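These notes are about the structure you will find just below.
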Amino acid sequence: MIRSASGRRRTSGGSWIFPVILLITVGTAIALATGTGPLQLWMFVFVLGGWTITLCLHEFAHAAISLAGGDTSVRERGYLTLNLLRYTDPTNSFIIPLLVLVIGGIPLPGGAVLVEPGRLRYRWWSSLVSAGGPAVNLLSGVVLALVAAPMTSPLGAAVAFLALLQFFAGILNLLPIPGFDGFGVITPYLPAAFLRSIAPFRQWAPLAVFVILFSVPTARNWLWDASWNLYQGAGGDVRLAIAGLDLFPNLQNLNW
């Protein structure tokens, strides 16, 4: 996600977090590859670690494209890093999405990069900035699906499930609804009067979407069906992804 705002540079700290998450994720990948138990626990840690890594890459893409378009404020705020503490409030940006993934198995959007569209050279750069994050998710889904396809170990199931989550996140983020990157793609071309009229409701739109996803199976199933279609189109092994889905523990199916 991106947000339009101004502000001072953030304080340093937390640069060690991403390398630690990466090392833990690699460690659980080795455990899954060798079949070392408890598999559901390692699956749980691997998917959450991999999901956090892609959240950081998603936000880094927003910042890097914004800088390329002329918005140097992202450098001043320290966004050109994989340090997740840089991306606004860690609780709302990472902890809550991870908890929702654990509780309901739905990969929600994570952090948010504050950008200044007025510094971008052309308005279409703003569309590129918004599209950059979901593009990372979709590309990650393709790469992970292809990597997992020839695997026969539990690691293959974990990577396949993570790939499926990337496609879900990419589609969800591209919805043309306020609060999602898809709305940011079209915002530069919308009438200013329209944007002012919906301003009081924009902060509530994502919450409404999440409520719908949890309470309306048809809407949730549509997103999952689209995610499965993209996963299969990328060459993913459906059986592996199903195995990963069954193996991933959430609060509705804990069996460690």
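The values are calculated or read from the model by the stated rules, or taken from the named source; none is laboratory data. Predicted model only: the values in this text are computed from it and were never measured. Note: ideal-geometry Cβ built from the backbone for every residue, glycine included; neighbour counts use all protein chains shown.
Could you say which residue among Leu165, Leu213 is touching a Ser or Thr at 6+ places or on another chain (Cβ under 9 Å), over 30 Å from Arg123 (Cα atoms), at pLDDT below 95 and not hydroxyl-bearing (Ser, Thr, Tyr)?
Leu165
Does any residue in region 171-184 that is at pLDDT 95 or above come within less than 8 Å, Cβ to Cβ, of a residue that is surrounded by fewer than 21 Cβ atoms within 10 Å (Cβ to Cβ) and of a type in the set (Ser, Thr, Tyr) six or more places away or on a different chain, and which pairs are these?
none
Report whether or not Val211 is part of a helix (DSSP H, G or I) and loosely packed, with under 14 Cβ neighbours inside 10 Å.
Yes: the conditions hold for Val211.
Out of all the residues in region 49-100, which are modelled with pLDDT under 90, acidic (Asp, Glu) and more than 17 Å from Asp181 (Cα to Cα)?
Glu76, Asp89
Among the residues in region 197-208, are any modelled with pLDDT under 95 and surrounded by 21 or more Cβ atoms within 10 Å (Cβ to Cβ)?
Within region 197-208 (the criterion being modelled with pLDDT under 95 and surrounded by 21 or more Cβ atoms within 10 Å (Cβ to Cβ)), the answer is no, since none of the residues qualifies.
Going by the conditions given, is Pro206 in a helix (DSSP H, G or I), within 16 Å of the chain's Cα centre (by Cα) and not polar (S, T, N, Q)?
yes
Identify the single condition in (1) among the basic types (Lys, Arg); (2) free of Cβ contacts under 8 Å to residues at least 24 places away in the same chain; (3) not in a helix (DSSP H, G or I) that Arg196 does not satisfy, given that it satisfies every other one.
Arg196 satisfies every listed condition except (3).
Output the residues belonging to region 16-27 that are over 20 Å from the mean Cα position of the chain (by Cα) and at pLDDT below 95.
The one that is over 20 Å from the mean Cα position of the chain (by Cα) and at pLDDT below 95: Trp16.
Out of Pro188, Pro178, Pro150, report the one residue that is within 27 Å of Ile65 (Cα to Cα) and not in a helix (DSSP H, G or I).
Pro178
Give the number of residues within region 214-245 that are under 22 Å from Met43 (Cα atoms), of a type in the set (A, V, I, L, M) and buried (at least 17 other Cβ atoms within 10 Å of the Cβ).
3
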